[in-house]
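**Student:** One structure coming up, written as structure tokens, with questions to follow.
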Amino acid sequence: MNLHEYQAKELLRAAGVPIPAGDVATTPEQAESIAQRLGTAVMVKAQVHAGGRGKAGGVKFCKTPADAKEKATAILGMTIKELVVEKVLVTTAADIASEAYVGIIVDRATKKPVFMVSAAGGIDIEDVAASTPEKIHYHPVDTRYGLLPFEAMRMGFFLFKDVKVARQAAKIMSQLYTAFMNAGCSLAEINPLVLTPDNQLVAVDGKMVIDDNELDRRPEIAALRDESSEAPSEVDARNANLTFIKLDGNVGCVVTGAGLAMATMDLVKYYGGDPANFLDIGGSSNPEKVVNALRIITSDPNVKCILFNIFGGITRTDDVANGIVTATKANPLTVPIVIRLTGTNEELAVKILQDNGFSASNDMDAAVQRAVELATKGAAA
Amino acid sequence: MSIFIDNRTKLLVQGITGRDGSFHAKQMIEYGTQVVAGVTPGKGGQHFEGTVPIFDTVYDAVQATGANTSVIYVPPMFAADAIMEAAAAGVKLIVCITEGLPVLDMTRVDPYVKEHGARLLGPNCPGLITPGQSKVGIIPGRICLPGNVGVVSRSGTLTYEVVNQLTQAGIGQSSCVGIGGDPINGTNFIDCLAAFEADPQTTAIAMMGEIGGTDEQEAATFIKEHMKKPVVGFIAGQTAPPGRRMGHAGAIISGSAGTAAEKIDAFHAAGMGVAKRPVDFVQLIKARLA
């Protein structure tokens, strides 16, 4: 789960990281009054789950409250990477002497959270990583001990020669690590970590990504989810315990398991079609999941054919068959459906489907080819 | 021969009285796995299905039965502790089926397991099977056939699909191992490939990867440099949309996005057979067994 900048900054502030004063506005008038209250030049920053906000025109410097109102008017409602901006953060603009980068990510290779720090921070940090990798220092942390003071200090000195500033940086890294662990992050970063002309460090932008598996035991973090910033069909799917990603094609796919779901999408493409979605109904035997999956898929007007690819390992294919029958009785389909199922209770499933006017095959390639054919025909009609 | 498990494997089931644990314990017993013990705190002294003794702790179960392998079906918030409990009790192979473990839990579990000299398979994996001898986990036994092909995969159902197609074509398997799809797991492709290379029964290997990370690229390098046996690879997610970006850090640390194209290139560079579709494994493996 992604957090907005303002949410990440609240968590960082709670851990002690110096953050410029600011507040969130949903209207230009609110933006104006926040700027008035701050009494400084401000930044007005779009709060959307997308990178490159500045380059898209979603981050503006404003000298006066009237200016903040005007810029907020322009930013609120604008679209950045297909996401509509509904909130802006209005925050005191910092004076910048230099910009550093400090981030932590859970690294597959070392199997640890790894700090990455660089004195060359800012929006082009990826280019720094690619062209001058020696400017980035990596430090894996053993979570059983946490970030040790000397480790933080060593990174502090990598960033700043002045011991007073290095100490400030070390403290901020310990605080960032605390926030990272307490929120159950898979990623947390401060970019830029700004050094002001009077030698103070301040976190001007913050980003946090939460491991979804942490949310059950961290209800206060789960409550930060902003459903308005996600596709409605994806919210619907998550609430139904399905993994769903909407795509642009016209073959709606319902599959058991993520690997087989991806392989099914690949096969749709292989036979000249385009998948409308990724949808994993998981390994459980629950007809309700099938009903929900069909509701979500049929709500997409692009879908011209529905393809079920079910491998019954834990899943009982007769449960899936019953789900299809129940769902289509309640809401008759307006597009063709192709069903491939094999595995546990396959004979029973085929009988249930046949008794209700459906046909089913156990050949994955043949089913995908048929679905692509029907979707293409449906799209042409 | 086989890898990791065989007919001498003595299995204990952590969470044997739960919904999933009891269902799959029965399936494993039916398949012929030696299920010697179950663990559910508070139910020590009872018996599962009237035959398998249940213990309160893994330590007690290992002391009483000599179990050398454990399979875990406990809820995600308890799974990290269950894995470490098994390692501390001296279990040498720990298979964690549970899905949804917080990745930060795994950063503590991984070194703990290694320090205790144990191997962890998973979490979030289907387990493994040595056809005709032993199954630990949830891979459906009836789709497997004893034979000479080693199967290793990051996915569950995709493994079943490929194994099923191999079996229907009369191509048997030495062992099938699902390593799981989580960012941090106990056993990776290279661990399994090295074990298959050393296993006299295995003569060819089918490997199913996915987009994300660099495990498959590292496996390809290992295959090129250290393996004599032929390997056929497949990558799921060739048409997946580019993932939603994880800030700057993801791109900085991997230097790449872990795309299917990158992984398939690495397979070609290692001289591997590359299956474009799951069904292609049948012909590609057949050609390499001949």
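The values are calculated or read from the model by the stated rules, or taken from the named source; none is laboratory data. Model, not experiment: these values are computed from the prediction. Here the Cβ is made from the backbone with ideal geometry for all residues, glycine too, and neighbour counts use every protein chain on show.
**Student:** Any idea how many residues of segment A:305-327 are away from every other protein chain (no Cβ under 14 Å) and either assigned to a loop (DSSP other than H, G, I, E, B) or more than 17 Å from A:ILE281 (Cα to Cα) (or both)?
**Tutor:** Selection size over segment A:305-327: 1.
**Student:** In segment A:79-108, what count of residues is obtained for those that are within 14 Å of chain B (Cβ to nearest Cβ) and either under 14 Å from A:GLU5 (Cα atoms) or not aromatic (Phe, Trp, Tyr) (or both)?
**Tutor:** The number of residues fulfilling the criteria is 13.
**Student:** Follow-up question, since we're still on this one. What residue, among those in segment B:198-217 that are under 18 Å from the mean Cα position of the chain (by Cα) and part of a helix (DSSP H, G or I), is farthest from the other protein chains (Cβ to nearest Cβ)?
**Tutor:** It comes out as B:ALA198.
**Student:** Another question, if that's okay. If we keep just the residues of segment A:129-168 that are in contact with a strand residue (DSSP E or B) (Cβ under 6 Å, 6 or more places away or on another chain) and of a type in the set (A, V, I, L, M), which is nearest to the other protein chains (Cβ to nearest Cβ)?
**Tutor:** Top of the filtered list is A:ALA129.
**Student:** Of the residues A:ILE96, A:ILE34, A:ILE19, A:ILE75, which is of a type in the set (A, V, I, L, M, F, W, C) and surrounded by fewer than 20 Cβ atoms within 10 Å (Cβ to Cβ)?
**Tutor:** Exactly one of A:ILE96, A:ILE34, A:ILE19, A:ILE75 is of a type in the set (A, V, I, L, M, F, W, C) and surrounded by fewer than 20 Cβ atoms within 10 Å (Cβ to Cβ), namely A:ILE96.
**Student:** For segment A:140-180, give me each residue that is of a type in the set (Val, Ile, Thr), in contact with a Phe, Trp or Tyr (Cβ under 9 Å, 6 or more places away or on another chain) and crowded, with 21+ Cβ neighbours inside 10 Å.
**Tutor:** Residue satisfying the conditions is A:VAL141 alone.
One line per residue, one yes/no per condition, for (1) within 13 Å of chain A (Cβ to nearest Cβ); (2) basic (Lys, Arg); (3) closer than 23 Å to A:ILE281 by Cα:
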| site | (1), (2), (3) |
| --- | --- |
| B:LYS135 | yes, yes, no |
| B:GLY156 | yes, no, yes |
| B:VAL163 | yes, no, yes |
| B:SER174 | no, no, no |
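**Student:** Another question, then. Within segment A:194-210, which residues are within 30 Å of B:PRO102 (Cα to Cα) and of a type in the set (D, E, K, R)?
**Tutor:** Matches in segment A:194-210: A:ASP205, A:LYS207.
**Student:** Step by step: first the residues of segment A:249-270, then only those that are assigned to a loop (DSSP other than H, G, I, E, B) and within 22 Å of the chain's Cα centre (by Cα), then the one that is nearest to the other protein chains (Cβ to nearest Cβ). Which residue is that?
**Tutor:** Looking at the filtered set, the residue picked out is A:GLY257.
**Student:** Just to be sure, is A:THR73 touching a residue at least 24 places away in the same chain (Cβ under 8 Å), more than 30 Å from A:LEU148 (Cβ to Cβ) and in contact with a helix residue (DSSP H, G or I) (Cβ under 6 Å, 6 or more places away or on another chain)?
**Tutor:** In short, yes.
**Student:** In segment B:22-51, what count of residues is obtained for those that are surrounded by fewer than 23 Cβ atoms within 10 Å (Cβ to Cβ) and either more than 30 Å from B:ALA198 (Cα to Cα) or among the small types (Gly, Ala, Ser) (or both)?
**Tutor:** The number of residues fulfilling the criteria is 16.
**Student:** Could you check how many residues of segment B:23-46 are part of a loop (DSSP other than H, G, I, E, B) and under 20 Å from the mean Cα position of the chain (by Cα)?
**Tutor:** Selection size over segment B:23-46: 2.
**Student:** Within segment A:221-240, identify whether any single residue is at pLDDT 95 or above and surrounded by fewer than 18 Cβ atoms within 10 Å (Cβ to Cβ), and answer yes or no.
**Tutor:** yes
**Student:** Hey, among the residues in segment A:52-70 that are part of a loop (DSSP other than H, G, I, E, B) and touching a residue at least 24 places away in the same chain (Cβ under 8 Å), which one's farthest from A:VAL209 (Cα to Cα)?
**Tutor:** Applying the filter and picking the extreme gives A:THR64.
**Student:** Just to be sure I understand the filter: pairs with C-beta atoms under 6 Å, separated by 6 or more residues or on different chains, first member in segment A:211-230 and away from chain B (no Cβ under 14 Å) and closer than 13 Å to A:ASN2 by Cα, second member among the β-branched types (Val, Ile, Thr) and part of a helix (DSSP H, G or I). Which pairs pass?
**Tutor:** If the second residue must be among the β-branched types (Val, Ile, Thr) and part of a helix (DSSP H, G or I), the pairs left are A:GLU227/A:VAL235.
**Student:** Can we say A:LEU374 is within 30 Å of B:LEU166 (Cα to Cα) and part of a helix (DSSP H, G or I)?
**Tutor:** Spelling it out, A:LEU374 is indeed within 30 Å of B:LEU166 (Cα to Cα) and part of a helix (DSSP H, G or I).
**Student:** Can you name every residue in segment A:111-127 that is within 14 Å of chain B (Cβ to nearest Cβ), surrounded by fewer than 20 Cβ atoms within 10 Å (Cβ to Cβ) and more than 23 Å from the chain's Cα centre (by Cα)?
**Tutor:** A:ALA120, the sole residue that qualifies.
Matching residues to (1) of a type in the set (Gly, Ala, Ser); (2) under 30 Å from B:ILE179 (Cβ atoms); (3) out of contact with any Leu (no Cβ under 8 Å at 6 or more places or on another chain); (4) at pLDDT 95 or above:
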| residue | (1), (2), (3), (4) |
| --- | --- |
| A:PHE61 | no, no, yes, yes |
| A:ALA72 | yes, no, yes, yes |
| A:THR79 | no, no, yes, no |
| A:VAL85 | no, no, no, no |
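**Student:** So, one more: Scan segment B:1-22 residue by residue and report those that are in a loop (DSSP other than H, G, I, E, B) and more than 15 Å from the chain's Cα centre (by Cα).
**Tutor:** B:MET1, B:ASN7, B:ARG8, B:THR9, B:GLY15, B:ILE16, B:THR17, B:GLY18
**Student:** Determine which member of the set A:ASN292, A:ASN302 is surrounded by fewer than 24 Cβ atoms within 10 Å (Cβ to Cβ) and part of a loop (DSSP other than H, G, I, E, B).
**Tutor:** Going through A:ASN292, A:ASN302 in turn, just one is surrounded by fewer than 24 Cβ atoms within 10 Å (Cβ to Cβ) and part of a loop (DSSP other than H, G, I, E, B): A:ASN302.
**Student:** Could you tell me whether any residue of segment B:78-87 is more than 12 Å from every other protein chain (Cβ to nearest Cβ) and free of Cβ contacts under 8 Å to residues at least 24 places away in the same chain?
**Tutor:** Within segment B:78-87 (the criterion being more than 12 Å from every other protein chain (Cβ to nearest Cβ) and free of Cβ contacts under 8 Å to residues at least 24 places away in the same chain), the answer is yes, since at least one residue qualifies.
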